[in-house]
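Encoded as structure tokens, the structure appears first; notes follow it.
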Amino acid sequence: MIRSSLLTILAIVLASSLGCGGYTLKTVNVSGVVRMEGKPVPFVEVAFESETHPNAFGITDENGYYELGTRRYGLGAVPGTYMLKIHPVPANANNGKGTTTEIPEVYSRSGYKSVTIDPTQPTSVIDVDISSNPPKSKPKSVDSAETQMGAE
């Protein structure tokens, strides 16, 4: 009897210590500017995609500026390695502000570059310079918390 009461109390304490929110991952604020041939690219989706970390997304404003966020963890991205991709935004999405610049498909299909977000840095600035005539080679890896990404 005492044993089953202790097990019940232990189960209640364990369940209440877990709470409703569950486990929260630490995120790093990530922002930057997307440019094509030096000009800001408005209203494209910047996607950091990973098989091991929650994906993070942001949409550029009229000046090409973006900030990443995740669906579950809010603003920022979980530290780790991602494939950076640029996706056009449909004309009827984003309050009618869709992509106005032609984005080569390679940036959304293959990705732009592999990037790593450093967990020791509170913020990461990742500027993206794409080209209307992208290279045919595979994306290169970039391992830096604060990265200025240049055209190749």
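The values are calculated or read from the model by the stated rules, or taken from the named source; none is laboratory data. Note that the structure is a prediction, hence the values are computed from the model and not measured. Because the Cβ atoms are built from the backbone with ideal geometry, glycine has one as well, and the counts that use them run over all protein chains shown. Protein only, heavy atoms only, side chains kept; ligands, DNA and RNA dropped before computing areas. Shrake-Rupley method; radii C 1.70, N 1.55, O 1.52, S 1.80 Å.
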Study note, to complete from the structure: Of all DSSP beta bridges having both residues in the range 25-141, the percent classed as antiparallel (nearest 5) is 75 percent
Study note, to complete from the structure: The correct ranking of Ile86, Ile59 by accessible area at 1.4 Å, largest first, is Ile59, Ile86
Point to revise | Spherically averaged projected area of the range 21-100 from its Cα convex hull (nm²) | key: 6.0 nm²
**Study point:** Environment charge at Lys97 (Cβ cut-off 13 Å; Lys +1, Arg +1, Asp -1, Glu -1)
**Key:** -3
Revision key, fill the gap. Quick calc, Ser132 & Thr24: beta-carbon distance into FRET formula, R0 35 Å, rounding 0.05, result 0.30
Check your understanding: What does the accessible area of His87 come to, in Å² to the nearest 10, when a probe of 1.4 Å is used?
Key -> 40 Å²
